[in-house]
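Working notes, structure below.
The values are calculated or read from the model by the stated rules, or taken from the named source; none is laboratory data. Small disclaimer: the values here were computed from a predicted structure and weren't measured. Note that we place each Cβ from the backbone using ideal geometry, even for glycine, and neighbour counts take in every protein chain shown. Quick note on the areas: whole protein, heavy atoms, side chains included, nothing else; ligands and nucleic acids left out. Shrake-Rupley method; radii C 1.70, N 1.55, O 1.52, S 1.80 Å.
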Amino acid sequence: MKKTNWIAPSILSADFSRLGEEVQAVVKAGADLIHFDVMDNHYVPNLTVGPLVCEALAKRQFNIPLDVHLMTRPVDSLIPSFAKAGATYISFHPEATDHVDRTINMIREHGAKPGLAFNPATPLDALNYTLHKLDLVLIMSVNPGFGGQAFIPEMLQKISEVRTMIEKSGKPIRLEVDGGINADNIRDVMEAGADTFVAGSAIFSATDYTAVINQMRQKMSD
Ligand code: DX5
Ligand code: ZN
């Protein structure tokens, strides 16, 4: 299957006081989707943004899919409001819900695309009977909660395992990797099998967003 590589800036590292302008700037710089990290100070030790902020961004009509990454427990109660707020993808962590299959169905029923997210030490078992129902698998390459952490190299093997499972399924499921991605390691992550690359600090700490996104694409096409 031919892969198209997508770059997903994570707004976690954006300047929140100018969020709309920051999103507009990364869209202009060539982003493929906007990664929207939702943290609840319970499932992860940090607190970020909710459906109101998602809706405010969706209303600006930047013409780019919103990729909502729920790091919350529980999950189900948030799905209707994020779907209504304009989320394109909604991903959650299997250990954060009691009924993984039900949560996947719920996301689909509310008109969004379901994704399952795996922490570095979480095995892939939850994919065994669910992969075919998903639009996206998200492999965390840092422990969730904060931007700016270092990529955990053992995750390359895990990414390859998921790539094999996706190929076997024959379905166009995105394989997204989140945490510590930059222009120096993006090629390795791609070669392991990823096609969707979240980058927070690597993009928003740069002065020129277009230059860093172009550099990432260049590294993948060299
Ligand atoms: C971490 C978040 C990530 C984070 C990545 O819990 O899920 O999306 O923003 O940030 P960087 O790219 O700085 O590791
Ligand atoms: Zn994330």
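Values as computed for the structure displayed
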{"item": "Selection within the stretch 124-157 - open to solvent by less than 30 Å² (accessible area, probe 1.4 Å) and within 16 Å of ligand 2 (Cβ to nearest atom)", "result": "LEU136, VAL137, LEU138, ILE139, MET140, SER141, VAL142, PRO144, GLY145, MET155"}
{"item": "Residue list for the stretch 26-63, restricted to those being among the small types (Gly, Ala, Ser), touching a residue at least 40 places away in the same chain (Cβ under 8 Å) and surrounded by fewer than 19 Cβ atoms within 10 Å (Cβ to Cβ)", "result": "ALA29, GLY30"}
{"item": "Sole residue being aliphatic (A, V, I, L, M), touching a strand residue (DSSP E or B) at 6+ places or on another chain (Cβ under 7 Å) and part of a helix (DSSP H, G or I), chosen from ILE139, ILE181, ILE166", "result": "ILE166"}
{"item": "Near pairs, Cβ below 6 angstrom, 6+ apart or cross-chain, from the stretch 194-214 (touching a residue at least 12 places away in the same chain (Cβ under 8 Å)) to any residue that is crowded, with 22+ Cβ neighbours inside 10 Å and among the polar types (S, T, N, Q)", "result": "VAL198/SER10; GLY200/SER10"}
{"item": "Condition met for ASP101 (of a type outside the set (A, V, I, L, M, F, W, C), outside any helix (DSSP H, G or I) and either surrounded by fewer than 18 Cβ atoms within 10 Å (Cβ to Cβ) or in contact with a Phe, Trp or Tyr (Cβ under 8 Å, 6 or more places away or on another chain) (or both))", "result": "no"}
